[in-house]
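Bear in mind that the values in this text are calculations on the coordinates, not laboratory data. Given the structure is predicted, the values throughout are model-derived calculations rather than measurements. Please note: Cβ atoms are built from the backbone with ideal geometry, for glycine as well, and neighbour counts cover all protein chains shown.
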Amino acid sequence: MNLSPDWVPLLVGGGHEALHWRDLGAANAPDTEIMAWAREHGYVVFTHDLDFGALLHATGAVAPSVIQFREDDVRPEILGSQALLALVQAKAEIEAGALITIDLRRMRITSLPLRNR
């Protein structure tokens, strides 16, 4: 819910299936519900909320993959090209389970499950 629904057409236009949570569940749904839905349906969670990465770490989950943005401005016109590039470059890692962190300068990929380092 913390990313604009404007992300959906950008992702679909890039050849990816995409849905916005507002069309699937309650706006006040807990992160665990969103994660469970994504895992059960084979979706990746796109978010600006760092709680999803923390949830992956706390639970030791191997799915779903999460792509999180680390920028203040998360509009598709600002980060869209980085997101589409990440989906291509990290395809294998995303399919295997990963936490992908994106900002304007770089992309970091961490395989799931997350472990204390």
Would it be correct to say that GLU40 is more than 11 Å from the chain's Cα centre (by Cα), of a type in the set (Asp, Glu) and either part of a loop (DSSP other than H, G, I, E, B) or within 20 Å of PHE69 (Cα to Cα) (or both)? no
Single match in ILE109, ILE100 (criterion: more than 18 Å from SER4 (Cβ to Cβ), surrounded by 14 or more Cβ atoms within 10 Å (Cβ to Cβ) and free of Cβ contacts under 8 Å to residues at least 24 places away in the same chain): ILE109
First in the range 16-28 and farther than 21 Å from LEU85 by Cβ, second anywhere and outside any helix (DSSP H, G or I) and of a type in the set (A, V, I, L, M), Cβ under 7 Å, 6 or more apart: TRP21/MET1; ARG22/MET1; ALA27/MET1
Residue check, LEU10 under 22 Å from LEU112 (Cα atoms), aliphatic (A, V, I, L, M) and more than 11 Å from the chain's Cα centre (by Cα): no
ALA38 out of contact with any His (no Cβ under 9 Å at 6 or more places or on another chain), of a type in the set (A, V, I, L, M) and over 20 Å from LEU19 (Cα atoms): no
Which of the residues spanning the range 5-19 are surrounded by 15 or more Cβ atoms within 10 Å (Cβ to Cβ) and over 19 Å from GLN89 (Cβ atoms)? VAL8, LEU19
Return yes or no: is ASP51 charged (D, E, K, R) and under 15 Å from TRP7 (Cβ atoms)? no
Failed condition for LEU50, given (1) touching a helix residue (DSSP H, G or I) at 6+ places or on another chain (Cβ under 9 Å); (2) under 23 Å from GLN89 (Cα atoms), with all others met? (1)
Answer yes if at least one residue in the range 36-45 is surrounded by 14 or more Cβ atoms within 10 Å (Cβ to Cβ), under 18 Å from ARG108 (Cα atoms) and in contact (Cβ under 8 Å) with a residue 12 or more places away in the chain, and no otherwise. yes
Filter the range 68-104 for residues that are assigned to a helix (DSSP H, G or I) and under 11 Å from the mean Cα position of the chain (by Cα); which is nearest to VAL8 (Cα to Cα)? ALA83
